[in-house]
Amino acid sequence: MKELESHLSDDQIISIREEPRISEQQFGNFQNVHEVLQAKQERHEFGRFYYRFKSGESGLDVYSRVSSFISTLVRDCQQYHKAGYDLDNINVVIVTHGLSLRLFLMRWFQFSVEEFEASENPQNAQLIVMKKKCVGGHRWYELTDEHRNALALPDTCGIPKNVQIHQLYD
């Protein structure tokens, strides 16, 4: 965070917080390399979303944590708006790990489990950008094609499902 902060002036930062709900999946207390490899093989066969590591978490557990974080993020944005901040001219930067990022996007864009399972983690320290779209009185975020492709997501995963249903996009 210090490196990121060094590129911004104080008037460009509203707040900074460490948020444990978007930490990486907890893999359990592995002490044996063979057990780790065996568990990862089982997860590969079972699926990343539902497989729970012994003494650890499943992707579903992380999804639940991320969902709770999104509710707080939305509430915080509403409070900043009430305080007079122009949210159309504010960027939110979230720093997290690959699986947590993909589960954040799954929740935000309403991916299916199958779509999530087909996705891939981004490269280390790769930026994934959600761009704000405004049509009429409606606002939503979309993934750029570049970033959607970097995660191996299908075309339908770059726009929230409710935007697609209501055909709000250009």
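The values are calculated or read from the model by the stated rules, or taken from the named source; none is laboratory data. Owing to the predicted nature of the structure, the values given are computational and were not obtained by experimental measurement. All Cβ positions, even for glycine, are placed from backbone atoms using ideal geometry, and neighbour counts span all protein chains on display. Areas reflect the complete protein model, heavy atoms only, side chains present, ligands, DNA and RNA absent. Shrake-Rupley method; radii C 1.70, N 1.55, O 1.52, S 1.80 Å.
Here the ratio of the Cα radius of gyration of region 73-170 to 2.2 N^0.38 Å is 1.12. Taken about its Cα centre, region 1-69 carries a charge dipole of roughly 400 debye when the Cβ of each Lys and Arg holds +1 and the Cβ of each Asp and Glu holds -1.
May I ask you to give the percent of accessible area on the chain that is carbon plus sulfur, with a probe radius of 1.4 Å?
Working: 5670 of 11460 Å².
That share works out to 49 percent.
By the helix-only formula, in which each DSSP H run with n ≥ 4 contributes -39500 (n - 2.57) and the sum is divided by residues, the chain has a 222 nm mean residue ellipticity of -12500 deg cm²/dmol. Once the other residues with Cβ under 15 Å from the Cβ of Leu87 are scored (Lys, Arg +1; Asp, Glu -1), what is the net sum? For residues surrounding Leu87, the net value is +3.
Note that the chain presents 67 Å² accessible area per residue, ligands and nucleic acids not counted, probe 1.4 Å. Charging the Cβ of each Asp and Glu at -1 and of each Lys and Arg at +1, and nothing else, the dipole of the chain about its Cα centre rounds to 440 debye.
Rule-of-thumb check for the chain: C-alpha Rg over 2.2 N^0.38 Å?
Numbers: Rg = 17.7 Å, N = 170, 2.2 N^0.38 = 15.5 Å.
Here the answer is 1.14, to two decimals.
The trypsin sites (Lys or Arg not before Pro) found in region 25-96 that occupy coil by DSSP, while having at most 11 further C-beta atoms within 10 Å, are Lys54.
Projected label points at Lys161 and Asn149, each 7 Å from Cα along the beta carbon direction, are separated by 2.7 nanometres.
Here the relative contact order of the chain, from alpha carbon pairs under 8 Å that lie six or more residues apart, stands at 17 percent.
Here the simple spin-label model places points 7 Å from the Cα toward Cβ, and for Asn29 and Ala83 these points are separated by 4.1 nm.
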